[in-house]
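Down below is the structure, laid out as structure tokens.
What follows is calculated from the coordinates using simple rules that are stated; it is not laboratory data. The model shown is predicted, which means the values in this text are computed figures rather than measured ones. All Cβ positions, glycine included, derive from the backbone under ideal geometry; neighbour counts span all protein chains shown.
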Amino acid sequence: MAVVDVWVAKDDGSEIIRAREIAAVSLDYDGNVTARLAGDTALVTLVRCRAHQDERRPADFHRELLQVVAQLTDSSGAHLVRPVHDESRGWVWISERL
């Protein structure tokens with residue numbers, strides 16, 4: 001059986017982490033989405049709040065990431081998941097094949 005690799009990118013694309021290395025995902029009071037890596041105390045900020053812009057971020061945006069990753073683990077091939085700000089929908093997670 002082929003192993004499915006799912007990767008998660010930061011909103012600015014400056015860092016990409018393997019989804020299976022994520023131990024926890026959180027959404028803080030400022031609207032930042034962070035991932036804690038398994039077996040490490042490292043935190044990766046996936047989406048940073050931008051207070052100077054009017055950006056709608058769902059209250060369960062961190063949970064939406066988990067849903068997308070879980071759906072992709074049932075597919076074949078490698079995928080990249082990244083957060084994108086859409087003018088009409090606000091923040092969404094999109095996936096693309098690698």
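Here are some notes:
- Here region 8-98 is assigned +1 on the Cβ of each Lys and Arg and -1 on the Cβ of each Asp and Glu. Its dipole about the Cα centre then comes out at about 160 debye.
- Amide proton proximity set for Ala78, modelled H, under 5 Å, gap of 5+: Asp5, Leu98
- Along region 35-46 the Karplus relation, 6.51 cos²θ - 1.76 cosθ + 1.60 evaluated at θ = phi - 60°, assigns HN-Hα couplings of 10, 9, 7, 5, x, 8, 9, 5, 10, 10, 7, 7 Hz to successive residues, with x for each Gly and Pro.
- Cut-off of 10 Å, at most 13 other beta carbons, DSSP loop: longest stretch of the chain lacking such GluC sites (Glu not before Pro): 16-86
- Each of Ser88 and Ser14 was given a label point 7 Å from its Cα along the Cα-to-Cβ line. The distance between the two points is 3.2 nm.
- Using a simple spin-label model with pseudo-atoms 7 Å out from Cα toward Cβ, Ala59 and Asp28 lie 2.1 nm apart.
- The ellipsoid that matches the Cα gyration tensor of the chain has semi-axes, each √(5λ) in whole angstrom, of 23, 16, 11, with the longest given first.
- Degrees between helix 61-72 axis and first principal axis of the chain (Cα, 0 to 90, nearest 10): 20 degrees
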